[in-house]
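Derivation of every value follows stated rules applied to the coordinates shown; laboratory data play no part. It should be emphasised that the depicted structure is a prediction, and the values quoted were computed from it without experimental measurement. FYI the Cβ positions are ideal-geometry reconstructions off the backbone, even for glycines, and counts take in every protein chain you see.
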Amino acid sequence: MVEKHQVDTAQIAMSWAIAKGTVPIIGVTKSSHVDGPIAAADVELTNQEVEDLETAAKETGVEVKAVWEQEM
């Protein structure tokens, strides 16, 4: 997925959060740190990619669905 979208893993995580209807809150200390979140906002994950990420997370015990979240 990283290779397909040409971003790093942190940007995939931000893209997943955006795909789920959230707005990630980022903290930066340098103006160059804004480039990653901007790139993440341009990534459009497919429904299958979102499902694959959630499956991988669940396999490691990470909860991926909040009570406020809409079904995709």
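Residues that are touching a helix residue (DSSP H, G or I) at 6+ places or on another chain (Cβ under 6 Å) and of a type outside the set (Phe, Trp, Tyr) within the range 13-27 comprise Met14, Ser15, Ala19, Pro24, Ile26, listed in sequence order. Count of the range 20-37 residues, restricted to those that are surrounded by 13 or more Cβ atoms within 10 Å (Cβ to Cβ) and of a type outside the set (Gly, Ala, Ser), is 4.
For the range 47-63, the criterion of being surrounded by 12 or more Cβ atoms within 10 Å (Cβ to Cβ), small (Gly, Ala, Ser) and touching a Leu at 6+ places or on another chain (Cβ under 9 Å) is satisfied by no residue at all.
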